[in-house]
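Here is the structure we will look at.
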Amino acid sequence: MNTRPYADIRDDLLAREARLRDEVRAHRAQLVEPGAATGNTFIAGSEGAAADAEDELEITLISHWQRELDEVSAALQRLNVGGYGDCERCGKPIGLPRLRALPEARLCLTCQEQADRAPHRS
Ligand SMILES: [Zn+2]
């Protein structure tokens, strides 16, 4: 199968992955309590939280970027092992225009609209 059409998308994803990694690292370094943002539990409740208000903002940002980074990394993984560009729900091709707009998309537009309309808890 020809994967050339995705070459520019891969470049885009690699660039974003590098940028997001830098952002996450840089902002983690700014935390008063660096330990507050390790792992996936750093927004769980306030008990034991030594983070001040500024830290909370940082942690929100970091969590946002971390999630995006995970999606971008997962997309690169699919590019490497195969399956990139196929909808995870219906298996149909997601379509190049959508992939160019949202390279980390897992669902085709139809499935995405259904998912948005009836959101599952994630
Ligand atoms: Zn689909």
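The numbers here are math on the coordinates, done by the rules we state, and not lab data. Model, not experiment: these values are computed from the prediction. Ideal geometry is used to build each Cβ from the backbone, glycine not excepted, and the neighbour counts take in all protein chains shown.
Quick notes on this one:
- For the listed peptides 67-77, 17-27, a ranking on the average number of other beta carbons within 10 Å per residue, highest first, reads 67-77, 17-27.
- Other residues lying with their Cβ under 14 Å from the Cβ of Cys111 contribute a combined charge of +1, Lys and Arg counting +1, Asp and Glu -1.
- A Förster distance of 30 Å, applied to the separation of the beta-carbon atoms of Ala26 and Asp86, puts the FRET efficiency at 0.30.
- In this structure, the amide hydrogen of Asp86, modeled 1.01 Å from its nitrogen in the peptide plane, lies closer than 5 angstrom to those of Ile94, counting only residues at least 5 positions away or on a different chain.
- Gain on full stretching of the segment that runs from Leu61 to Arg19 - 0.36 nm per residue minus C-alpha separation: 13.7 nm
- Gain on full stretching of the segment that runs from Asp70 to Thr110 - 0.36 nm per residue minus C-alpha separation: 12.1 nm
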